[in-house]
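Only one structure is covered here, and it is reproduced in the block below.
Values quoted throughout were computed directly from the atomic coordinates according to the rules given, and no laboratory measurement underlies them. Being a predicted model, the structure only gives us computed values, none of them experimental. Cβ: placed from backbone, ideal geometry, glycine included. Neighbour counts: every protein chain shown.
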Amino acid sequence: MVETIRAQRGFNMVELMFVLAIVGILVAIALPVYQSYAVRSKITEPLAQLSKAKTMLAGYVAARRRYPRQAELSALDLRVKNSDIMHSLDWAPNPLVDGESAYIVAKVYASVVEGGLPDPNNLLAFQLSGSTHDGNMMRWTCLPGSGPGRNDPLPTEYLPPDCRG
């Protein structure tokens, strides 16, 4: 019985370096895309809460044919569950503008974007502005930030497409 001896052959250093370079390039491209996707998927929680608040406000306006007054806003409950993503949902500081519009603000922890632990002193925001004109149906506009003069907008790449302006 004759045994055939085959020479063992592995990868040479150039081939290994070439493969590592390709893997490195793929990781450099894929990692930021994945991180952006992960943040955008977390923003669906505040979007769902905004949608709920939008429905409550639209129902109020449809039933009463007017926007709620400041004292009536507490009846429209905007409390949110304790979460590592969303801090609060609230009416803008001055929610009623000329009786034809209202603002609902979603505040998320900056840690959603930056990483780390949720910090109630470090928040980012975006809002929905609902308006009616001449008794027509409400139209909603999504805006970054919690209002004029505030430096707290959620970065535009994480906002829904209609909020990016």
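Each Lys or Arg adds one and each Asp or Glu subtracts one; over the other residues with Cβ under 15 Å from the Cβ of S111, this totals -3.
Across every direction, the projection of the convex hull enclosing the Cα atoms of the range 43-163 has a mean area of 7.6 nm². For L123, the residues whose modelled amide H falls within less than 5 Å of its own, excluding neighbours fewer than 5 places apart on the same chain, are A110.
Between the Cα long axis of helix 44-64 and the first principal axis of the chain there is an angle of about 20°, rounded to the nearest 10. As a check on your grasp of the helix formula, calculate [θ] at 222 nm for the chain: sum -39500 (n - 2.57) over DSSP H runs of n ≥ 4, divide by the residue count, round to the nearest 500. Mean residue ellipticity, 222 nm, calculated: -11500 deg cm²/dmol.
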